[in-house]
Amino acid sequence: MAEADITSQLLQYSANGLAKGSTYALMAVGYTLVYGVLQLINFAHAEVYMLGSHFAYYQARWAGYLPEDSAGKPESVPIGLALGFVAVAMIACSLVGMLIERIAYRPLRNAGRLAPLITAIGVSLLLQYGGQAVFGTEPKLFPTFMETEVYELGPIKFPNTNVLIVLTTVVLMTALTLFVTKTRPGAAMRACSHDMKTARLMGINVNATISLTFGIGSAMAAVAGVLVAMDQPAITPLMGVQIGLKAFVAAVVGGIGSIPGAALGGLILGVSESVVGGLWETSYAEAVAFVFLIVVLLFKPSGLLGKATREKV
Amino acid sequence: MRTALALVMAFMALVLSFTPGCKDKDPDPQAANEIKIGVFLSLSDANADFGKTTLNGIQLAVDEINEKGGVNGKKLVLVTKDTRSSPEQAQTVAKELATQDKVAVAIGSVESGQSIKAAPVFQEAGIPMVSPSSTNPEVTKQGDCIFRVCYLDDFQGASCAAFAYKDLEFRKAAIIFAQDDDYSKGLADFFRKSFTALGGTIVEEAAFQGKASEFKDQVTKIAAANPDVIFAPVYYGSIGLIARDFRKQGVKAPLLGGDGWESPQLIQLAGETLEGCYFGYHYDPEDSDPKVQGYLKAYKAKFNTEPNSLSALGYDAVYTVVKAIELGGGDTSAQIKDGLTKIKDFHGVTGTYSIDSGRNAQKAITMLKIGGTDLKKVKVIQPSDIK
């Protein structure tokens, strides 16, 4: 194969990986925020992502933008309305996230590490199977929020959906970082993450702060769900399983608890999956993610940008 | 800790209660006026759709037969079990059907992996098993009690290769397939073998894991090889996304696939991206044969949705069993088994077929071309056309 071909392929793989990595990053933030505050792996996060796309889907369907029968063609949703659907999906997912915390995690907050972890898996399975029961098992065509256009940059083909994914991720991650570092609720989150008991003594409403953390993470999962569904417009109740696992790996690689770490972990994972998988063997892309995880953890057990913490005995 | 446990238990109970239950009938004492047909299908989890649509076809046939007075005055009774999309669970429910429910004959499953696991159980119990739509060659090799009413993957793969090479006159093919799926991988293997034997070249292959929902990298890889045609032996839930990714990266070569593509949702999920593509299928839905049209009409009236090929194969499986009862001279397992080996030129919805000595249905494959909103028959390939 010609040299130029390899270069252009490499560029295309990187572009693919950039879009994929951005969605991992958006999802990884949800894991990282909750872990930062509660040291809990919220396995149900991937299902909130699934719900995000389904909430947007049902609004569009009820608004009449999807054909009733399986043969009809979908209509394009006007941009303003689409944004409205996304906003509602974000709010709904925030509520679901907070509800999950209230019902499934808060009663177990002092029950050690294992019990909430098991509950998290339980909630995740409940939503997967409940989703199958309520939404049905067949793949659903996601409404058209944006007509597909493909930009060509030299040899690289980059669809507008991917541009949107990358831009949204950059904007949301920046906003989140500013929120956590510059605002009072953000400071409260950091305080809880540092030492929950002391934070409570300082007059911080710990429960409200934890709810807020779940709400923000879930809203970002909703955005990720919609963005991915716009790019790959077939949604199912099990769509969260794969990306949930990858985003979790991304969060750990980046340093769980760290927001820039989640972004970095997501991007590195996405690009390495695409490039290594593409140039070597595409079906091994999944393995790349986990080999990567192991290698990083061997050398930096707390992740690339994680803080090294000493175990308190 | 106790509250924690209680919560976990409560969640488990909830999870279980959400799993769609099986419509089990209590195993009542062997009633003389009924014939028990065991059915094992994926009714929940990833492939629930396969099981549900097949079950609809089976139910339709059973209801039709019972309305006409049953078989020799006996009603057909279904004992339905959910395999939860898992081969291991298929084996478990097969044991239940064989030992507890003591069915006379079993119908199932769609996925070859499940049929292969369940087959030895029925073989040992001497109960004939009829798979409506497991196309992997291994299925009926499990024993002389195991039958099927669909064509095989080697024939399907070879037909697609012959169609691409001889009819479409393509010489350079690429393959995209699911690495961890017997069906997809099997078809890819048979296509590769046949296409190269005919003189064509496989210019690139890209595999993915069955659960993937994103195919950009595979598409990039194949795009670089510039093939004339892309063979994509995948299921309908994936092909729409795969086709979209190909068109987004500017690949205009037609895609070609097998019966896994078929679904009333196919065109909708793919948008316009599958226009001009082809796939092999069990029958022609536009066929004017009253058998086909009658079935389509009855199905739509009963379930208020479009049937798919799995429904049709489930429907044909029941009528094939009924025919076997007639040919075998009775409704015991041994008689049905004997009858199944005698099925000859049986006229079903999915074509006219005979059961050969390998207990497989010898039947034709119909190549369909996807248009803007419809499917057009372009070629029928008979088993005798492929050597």
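Data overview
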read-out	value
Evaluation of B:SER288 against (1) within 14 Å of another protein chain (Cβ to nearest Cβ); (2) free of Cβ contacts under 8 Å to residues at least 60 places away in the same chain (one fails), failing number	(1)
Qualifying helices (runs of 4 or more DSSP H) (wholly inside segment A:1-101; at least 3 residues being surrounded by 24 or more Cβ atoms within 10 Å (Cβ to Cβ) and within 14 Å of chain B (Cβ to nearest Cβ))	A:3-38, A:45-62
Subset of segment A:234-287 that is of a type in the set (Ser, Thr, Tyr) and within 14 Å of chain B (Cβ to nearest Cβ) - its residue that is most open to solvent (accessible area, probe 1.4 Å)	A:TYR284
Residue match in segment A:208-221 (condition: more than 20 Å from A:MET27 (Cβ to Cβ) and either within 14 Å of another protein chain (Cβ to nearest Cβ) or surrounded by fewer than 16 Cβ atoms within 10 Å (Cβ to Cβ) (or both))	yes
Any hit, segment B:155-173, residues being within 22 Å of the chain's Cα centre (by Cα) and not in a helix (DSSP H, G or I)	no
Given (1) in a helix (DSSP H, G or I); (2) open to solvent by 60 Å² or more (accessible area, probe 1.4 Å), index of the condition A:MET189 fails	(2)
Residue in segment B:342-351 that is among the polar types (S, T, N, Q) and open to solvent by 60 Å² or more (accessible area, probe 1.4 Å) present	no
Test for B:PHE50: is it open to solvent by 20 Å² or more (accessible area, probe 1.4 Å), at pLDDT 85 or above and within 14 Å of chain A (Cβ to nearest Cβ)	yes
Filter pass, A:LEU114 being modelled with pLDDT of 95 or more and within 14 Å of chain B (Cβ to nearest Cβ)	no
Test: residue in segment A:79-101 that is under 20 Å from the mean Cα position of the chain (by Cα), among the aliphatic types (A, V, I, L, M) and more than 28 Å from A:LEU164 (Cα to Cα)	yes
Filter result (open to solvent by 10 Å² or more (accessible area, probe 1.4 Å), at pLDDT below 95 and not aliphatic (A, V, I, L, M)) within segment B:25-47	B:LYS25, B:ASP26, B:PRO27, B:ASP28, B:PRO29, B:GLN30, B:ASN33, B:GLU34, B:ASP45, B:ASN47
Residues satisfying the stated conditions in segment A:131-157, i.e. facing chain B (nearest Cβ under 10 Å) and open to solvent by less than 40 Å² (accessible area, probe 1.4 Å)	A:GLY131, A:GLN132, A:GLY136, A:THR137, A:PRO139, A:LYS140, A:LEU141, A:PHE142, A:THR144, A:ILE156
Filter result for B:GLY294 (touching a residue at least 24 places away in the same chain (Cβ under 8 Å) and not basic (Lys, Arg))	no
Selection status of A:LEU108, open to solvent by 40 Å² or more (accessible area, probe 1.4 Å) and aliphatic (A, V, I, L, M)	no
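The values are calculated or read from the model by the stated rules, or taken from the named source; none is laboratory data. Because the structure is predicted, anything quoted here is derived from the model rather than measured. Backbone-built Cβ (ideal geometry, glycine too); neighbour counts: all protein chains shown. Heads up: the accessible areas ignore ligands, DNA and RNA and are worked out on the full protein's heavy atoms, side chains in. Shrake-Rupley method; radii C 1.70, N 1.55, O 1.52, S 1.80 Å.
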